[in-house]
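The values are calculated or read from the model by the stated rules, or taken from the named source; none is laboratory data. Source: prediction; values computed, not measured. Quick reminder, even Gly has a Cβ in these numbers, built from the backbone with ideal geometry, and neighbours come from all protein chains shown. Just so you know, the surface numbers come from the protein's heavy atoms only, side chains and all, with ligands and any DNA or RNA stripped out. Shrake-Rupley method; radii C 1.70, N 1.55, O 1.52, S 1.80 Å.
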Amino acid sequence: FAYNTVQQKSTEAKILQDKKEYAQNLSLVRAAMIEGASEAEHVGKLMGRIWYNAIYEEYDYTTDEYTHENGEFVDDFNTALFAYQISEEYEDSVELIEANQVEVTELIKKLQSPPDGLEKANDTVTELHETYLSLCKNATDPSGNLGSYSDSVNTNIDRYITLHDKLETQIPEFETIE
């Protein structure tokens, strides 16, 4: 009887430790995604403004360096987009996003087998990761027309925020895991 009690307590301790470790990894991946998602949001919104301002000849100090040549608006919005995509600012942003994706991927690998009671959090982090990757792709590999691109960026940002907040409510506090 004493052996079974010790064995049961050891098993319960292992289950609790697994849940704590999984919850810590959920928190880590959630935090790691913020950096890449934030940068992707910045790039996506700026690219949309460059695109719009080049087409509609809108002045904006944040886009003028890409939408103008020799003090005049460029004739083709693709010229403005290309100017941004070859800029050091864009290259630095893409480098940061891609490095962040590598970090996030390594953390996601630790979340493959959720312990009992954390399946919903696993489902949410999976959706969050997919949305994060879509948002990063908006920044690193833009496609579509101005309307569809802007819609995609905005939809991915909204979805990312919703899932990020939802996951926060699903990660148990370490001292309350039983």
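Using +1 on the beta carbon of Lys and Arg, -1 on that of Asp and Glu, and nothing else charged, what's the dipole of the chain about the Cα centre, debye to 20?
Around 1320 debye, computed over the chain.
Distance cut-off 21 Å, Cα to Cα: go down the list LYS20/LYS109; LYS20/LYS110; LYS20/LYS120; LYS45/LYS110 and report the pairs above it. Mind dumping the intermediate values first?
Values: LYS20/LYS109 17 Å; LYS20/LYS110 13 Å; LYS20/LYS120 16 Å; LYS45/LYS110 32 Å.
With Cα atoms farther than 21 Å apart: LYS45/LYS110.
Run the quick spin-label model on LEU16 and SER143: label points 7 Å from Cα toward the beta carbon, then report their separation in nm to one decimal.
5.0
How much length, in nm to one decimal, is gained on full extension between GLU69 and ILE55, taken as 0.36 nm per residue of separation minus their Cα-Cα distance?
Details: separation 14, 0.36 × 14 = 5.04 nm, distance 1.41 nm.
Using 0.36 nm per residue and subtracting the Cα-Cα distance, I get 3.6 nm.
What whole number of Å gives the distance from the Cα centroid of the range 99-178 to the Cα centroid of the range 1-70?
Answer, in whole Å: 6.
Computed from these coordinates, which is volume of the Cα convex hull per residue in Å³: (1) 181; (2) 110; (3) 125?
It is the one labelled (2).
Quick one: grab the alpha carbon gyration tensor of the range 49-154, order the square roots of its eigenvalues as a ≥ b ≥ c, and give me rounded if a/c is under 1.5, else prolate or oblate depending on whether a/b is larger than b/c.
Working: a/c = 4.30, a/b = 2.54, b/c = 1.69.
Prolate, since a/c reaches 1.5 and a/b exceeds b/c.
Could you do me a favour and compute the accessible area per residue for the chain, 1.4 Å probe, result in Å²? Before the final figure, lay out each step's value.
Numbers: 10630 Å² over 178 residues.
In whole numbers, the chain has 60 Å² accessible per residue.
Would you pull out the residues with amide H under 5 Å of HIS68's amide H, same chain only if 5 or more places away, H placed 1.01 Å from N?
VAL74
Farthest toward the dipole's positive end in the chain, which of LEU96, LEU128, TRP51, given Cβ charges of +1 (Lys, Arg) and -1 (Asp, Glu) about the Cα centre?
Checked the options; the winner is LEU128.
Mean Kyte-Doolittle hydropathy of -1.0 or higher plus an axial Cα length of 18 Å or more: which whole DSSP H helices in the chain meet both? Walk me through the numbers on the way to the answer.
Values: long enough: 2-56 (79 Å, -0.44); 88-108 (30 Å, -0.32); 119-140 (31 Å, -0.69); 146-170 (36 Å, -0.76).
Qualifying helices: 2-56, 88-108, 119-140, 146-170.
What FRET efficiency would be calculated for the residue pair SER27, ASP76, taking the C-beta separation as r and a Förster radius of 41 Å, to the nearest 0.05? Spell out each step's value before the answer.
Working: r = 46 Å, r/R0 = 1.12.
Step by step, r from the Cβ atoms, then E = 0.35.
Note down the relative contact order for the chain as a percent, whole number, built from C-alpha pairs under 8 angstrom at least six residues apart.
On the way: 155 pairs, mean separation 59.8, N = 178.
Rounded, it is 34 percent for the chain.
Full extension from THR105 to ASP151: what is 0.36 nm times the residue separation minus their Cα-Cα distance, to one decimal in nm?
Values: separation 46, 0.36 × 46 = 16.56 nm, distance 2.60 nm.
14.0 nm is the gain from fully extending THR105 to ASP151.
Just want to confirm a number: the relative contact order over the range 19-91, from Cα pairs under 8 angstrom separated by 6+ residues, in percent.
24
Roughly how many percent of the accessible protein surface of the chain is carbon and sulfur, given a 1.4 Å probe and a whole-percent answer? Walk me through the numbers before you get to the answer.
Working: 5210 of 10630 Å².
Ligands and nucleic acids excluded, carbon and sulfur give 49 percent.
Can you give me the distance in nm between label points at LYS166 and SER38, each placed 7 Å from the Cα along the Cα-to-Cβ direction?
Using points 7 Å along Cα→Cβ, the separation is 2.3 nm.
Over the range 80-178, calculate the relative contact order: mean separation of alpha carbon pairs under 8 Å at least 6 apart, over the residue count, as a percent.
Details: 36 pairs, mean separation 29.2, N = 99.
Relative contact order, the range 80-178: 30 percent.
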